[in-house]
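The values are calculated or read from the model by the stated rules, or taken from the named source; none is laboratory data. Keep in mind the model is a prediction, meaning the values are calculated, not measured. Ideal geometry is used to build each Cβ from the backbone, glycine not excepted, and the neighbour counts take in all protein chains shown.
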Amino acid sequence: MMGSRAYKGGDECDAFSRRSRRILSWKPGELRTIKRRYWKRMRKTAHDEVARTGMAAIARGPEGMQGW
């Protein structure tokens, strides 16, 4: 997850770019929708990566410990 941003389309690139945001005009709520869709995809990717590598068992902690 800690890599360069993998955009799906130019809208995401424009939404995160300061230069493009100054040039383009956006409808109310459009930027929020684009960014929400992007971050949801990143969270899903990170979740899948954790499940794939088996880190989920480590993240849960030892069984029987209530403090985790």
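Just a few scattered comments:
- Residue within region 37-55 that is more than 11 Å from the chain's Cα centre (by Cα) and modelled with pLDDT of 85 or more present: yes
- Taking each residue of region 22-46 that is within 14 Å of residue 7 (Cβ to Cβ) and touching a residue at least 24 places away in the same chain (Cβ under 8 Å) and looking for partners that are surrounded by 10 or more Cβ atoms within 10 Å (Cβ to Cβ) and among the hydrophobic types (A, V, I, L, M, F, W, C) with beta-carbon atoms closer than 8 Å, six or more apart or interchain, yields 38/15; 38/16.
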